[in-house]
Structures are given as C-alpha cells and as structure tokens.
Amino acid sequence: MGTGGVAAALGTRWAHLGHCVVFGSRDPQGEHIEQLVLGAGDSASAASIAQAAKDAEVVVLAVPWPAIQKVVEAAGDLSGKIVVDCSNPLNSQFTGLEFGHTTSAAEQIADWVPEAFVVKAFNTVSTAVMADPKFGREGAAVFVCGDNAHSVKVVSQLAEELGLEPVDAGPLPMARYLEPLAMLYIHLAVHKGWGSNCAFKVLRR
C-alpha cells in the first residue's frame, strides 16, 4: 500500500525477484504510478487499495503514519492476511514520536485489524538501504516483531531476499522500542549528518 519511497524501494525489488507485486493507490492510473510499475517490471501492477489488498497474502503498509488508518479502512477485510507495518508515528515537526514505550503504531494497527497478523518491520532502515543493504560483506540488520510465528518467518524471509539480515525482536509490543530506535536513526542520519547510507548491525558471539 503506497507509491512513495518505501513502497517503490521494497515493491520494485520484490517484483524484480519474481514476486507478484500490486501497488495499492488512490489513483492507480496516474502517470507517477505508471512509471513506478514500468520500472518494477512484468511482475508488478497497480490497483485501487481495496483491489490490491483483496487477493494479497502479504499487505505492506508503506505510507506515512497519518495516512495509515484511512488506508487500512480502504483496504477492506484483511482477515487472515499478514499486514506489515513499516511506519513510524512521527510528530508533525519530525522531531519525535506521537507516542511510544506504552504502545506503538503497530499495536494501534493491530487494534484496527484484529483478524490480521500484524508484523512490524523495515521501519529502522532508509530507502537507500532497502535498495542496497550491503556494506562491504555485511548486510544491514532489520528488526522484525509480531505475535504470529509464521508471519514473522514470512516477513523475515522477504527481508532476507533483499539482502537484509532479519532479527526476530519478539512479540508485537516490542514495536514500542523499535519505533524509538527509528527516531535515533533519523537523528543520526539527518541531524548528525550521517545521511541515509547508514544502518544498524547486530553482533553476537
């Protein structure tokens, strides 16, 4: 769901890998959408939000937080589907989060679609890293959390196919910490001047 930077980065790469990708848009016939689909190749198409969601196994919410509730409502019945939340509930000045630590955007979405399997992922990586996650021989880490083990596994596999290194962060309430982690990323990238070609890495021994 969406046609901006996150949707383009993820959708285009998955389409190039052979997945059937449908970009959900309020204006699926728009010139911008046509160019996006053309760049994504033969495995991609565009449709209304409801049409895109109807036959999808995985629905990726790749729109800004303020738009998500309307997109979820427009998508219709999401029962049994894996719903991936890529958002961060940034305030209007992009200086902090609207809420966090006691709840999260992902948990709010789960309340809106209780029959879906909501998974938090891709909110701590930039579109530049989504497009090219390799730093030399190392792949950028992407944190994944959700309450359904199968759904977390599916989303982790989709991340791994992109060259990212998925880290299972636990149940969905862990999104309360992943969203502030994204705020740290934004601070480093924007305010500290690191730019978008930086990423988190998890090391274990």
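Computed from the coordinates by the stated procedures, all read-outs in this text should not be read as laboratory data. Because the structure is predicted, anything quoted here is derived from the model rather than measured. Cβ sites come from the backbone with ideal geometry, for glycine too, and all protein chains shown count toward neighbours.
General observations
- Per-residue Cβ neighbour rank within 10 angstrom, fewest leading, 178, 17: 17, 178
- From the alpha carbon centroid of the stretch 187-205 to that of the stretch 91-150 is 15 Å.
- Taking Cβ atoms as reference points and 12 Å as the exclusive limit, the residues near residue 117 contribute a net charge of -1, counting Lys and Arg as +1 and Asp and Glu as -1.
- Under 15 Å, Cβ to Cβ, from residue 11 - net charge with Lys/Arg +1 and Asp/Glu -1: -3
- Estimated 222 nm signal from helices in the chain, with DSSP H stretches of n ≥ 4 weighted -39500 (n - 2.57), rounded to 500: -11000 deg cm²/dmol
- Electrostatic bookkeeping for residue 138 treats Lys and Arg as +1 and Asp and Glu as -1; over the other residues with beta carbon under 10 Å from its beta carbon, the sum is +2.
- Measuring against 30 Å, Cα to Cα, the residue pairs 54/120; 70/192; 54/134; 134/192; 153/201; 70/153 contain 70/192; 54/134 as the ones spanning a longer distance.
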